[in-house]
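We did not get these values from a lab; they are worked out from the coordinates using the rules stated. None of the values given here were measured: they were computed from a predicted structure. Cβ: placed from backbone, ideal geometry, glycine included. Neighbour counts: every protein chain shown.
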Amino acid sequence: MLTFTVDQDMDHAGMSAVRASFDELARSPVDVCLDLSRVRFMDSAGLTGMIRLRSALSKRSLEFAVAHAQGQPLRLMRGVSLDRAAAPGVAAPGPEGVDCRRPVR
């Protein structure tokens, strides 16, 4: 599993800065985990980026996971059920999300 740490907020400006990285992750030949430990704010641009990445990986039968989401980003993800959908096979991630070190099946 490839882990990518998002180093800024996932709002319009932040997603513009990581768009190329997300595009590259979408072409990854392995499962991908986003480490959101440094993300303090997320809006619809961040959600859209995560959903697009999850969709691209899913089309190739690859897994998408999220780790260490907290605060407002985690609440937003829960509000649209992305916390459960992000990690198939994990019924209810803990408050920190999925541990990227543990394979998600």
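Given the stretch 2-85, report the % of alpha carbon pairs whose separation exceeds 22 Å.
Across the stretch 2-85, Cα pairs with separations above 22 Å total 14 percent.
At a 10 angstrom cut-off on C-beta neighbours, averaged per residue, how do the peptides 54-62, 68-76 rank from highest to lowest?
The peptides rank, most packed first, as 68-76, 54-62.
Among the trypsin sites (Lys or Arg not before Pro) in the stretch 1-48, which ones are in a DSSP loop with at most 10 other Cβ atoms within 10 Å of the Cβ? Mind listing them?
Arg27
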